[in-house]
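Everything below concerns the one structure shown next.
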Amino acid sequence: MTHQTTCCYCGVGCGIVVKQEPNGRLTVEGDKQHPSNRGMLCSKGMNLQYTVMDQSDRLLYPQMRLNRNMPKQRVSWDAALERTAAVFKTFIQKYGPDSVAFYVSGQCLTEEYYLVNKLIKGFIGSNNIDTNSRLCMSSAVVGYKLSLGEDSVPVCYDDIEEADVFLVQGANPAWCHPILWRRIEAHKAANPNVKIICVDPRRTDTARSSDLHLPIRPGTDIVLNNAIGRLMIENGDIDLDFITNHADGFVAYSEQIMQRTVDEAAAICGISADSIQQAADWIGRSKGFLSLWTMGLNQSVIGVNKNLAIINLHLITGRIGKPATAHFP
Ligand code: SF4
């Protein structure tokens, strides 16, 4: 038996083909037809079958206890489900649908999200459902709504092979999104003029294989990105046609970012002004500019503004909505 599905570990979303042999043994391989990974898998995806087959520390049947002081005992699935439903029912009857909630995993597949949302919203009648996806992505969602009007990421994986400048900020894709990073590395190997800028206080594997590492002080991303924006405006590396026809608020943005000199920004970020200038030159003169970021920007009390600061670089240069140009949280 063969199933095509998706690796559940990270946002790259690699396609996998799972085969079950007659003896029940599973094998996993990359889906050659899948647009994300084209058959490749990283070590996490490659070993997915062991998490299913290894039963040494796996919960194989429901266990229940009537109160916290009693030991858990094995029960049938029917007994476990009936008890769960009965507890839900008691609370809903007594206190209403908003007295119950679901907290589910960001590792669920789309179909599982659909089912659990249908259950809590469509059947129970409550909005009380959340996942760890909110912790990861809510800053980006609000950043997109504020800047573009909707939470929609205007990028596709094929843009990787078209871009010539990559800005990786608050992310370590060499470890955390390996297949995506392999694609960027392969693209750079085939096109040595491709430039990778990595913004990260740590010297990560991503930073090590970048052309320019900006080890800023933690939390100073907005200062850095606004300084890059300032330099691109001063150098004339912006797209006035795009700004005039498709963007609002450019004057207010310029006034804001001109309030701080690049030297001041460099001092706040703890890096040289020359390195900021280098980043601005590469981004401003790029043919295709892709920015990638993850939790270094998103998991922050000013995460929305960090998202806006990076999206603004795309808006002032018109590097958006065209092949090879996009922001990619
Ligand atoms: S990069 Fe690795 S962990 Fe992420 S989806 Fe692909 S195989 Fe899974």
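Using DSSP, restrict attention to beta bridges with both residues in the chain and report what percent are antiparallel, rounded to the nearest 5.
Roughly 40 percent of the DSSP beta bridges within the chain come out antiparallel.
Given H placed 1.01 Å from N in the peptide plane, which residues other than close sequence neighbours of Gly106 have an amide H under 5 Å from its amide H?
It is Asn132, Ser133, by chain and number.
First check a/c for region 63-132, with a ≥ b ≥ c the square roots of the eigenvalues of its C-alpha gyration tensor; if it is under 1.5, answer rounded, and if not, answer prolate when a/b is larger than b/c or oblate otherwise. Please report the intermediate quantities before stating the final value.
Values: a/c = 2.07, a/b = 1.38, b/c = 1.50.
Oblate.
Can you work out the Karplus-derived ³J(HN,Hα) for every residue in region 182-195? Use 6.51 cos²θ - 1.76 cosθ + 1.60 with θ = phi - 60°, whole Hz, and x for glycine or proline.
Each residue of region 182-195 in turn: 4, 5, 5, 4, 5, 5, 5, 4, 7, 9, x, 6, 4, 10 Hz.
May I ask you to order 238-246, 190-198 by the average number of other C-beta atoms within 10 Å around their residues, highest value first?
So the peptides 238-246, 190-198, ranked by packing, come out 190-198, 238-246.
Using the Karplus curve 6.51 cos²θ - 1.76 cosθ + 1.60 with θ = phi - 60°, what ³J(HN,Hα) values do you get for each residue of region 26-41, in whole Hz, with x for Gly and Pro?
Working through the residues one at a time gives 9, 10, 10, 9, x, 7, 5, 8, 7, x, 6, 10, 6, x, 7, 9 Hz.
Can you tell me how much longer the chain between Asp151 and Met53 gets when fully stretched, taken as 0.36 nm per residue apart minus their C-alpha distance, in nm with one decimal?
Taking 0.36 nm per residue and subtracting the Cα distance, the gain is 31.5 nm.
Each value in this text was obtained by applying a stated rule to the coordinates, not by laboratory testing. Quick caveat, the model's predicted, so the values are computed rather than measured. Don't worry about glycine lacking a Cβ; one is built from the backbone with ideal geometry, like all the others, and counts go over all protein chains shown.
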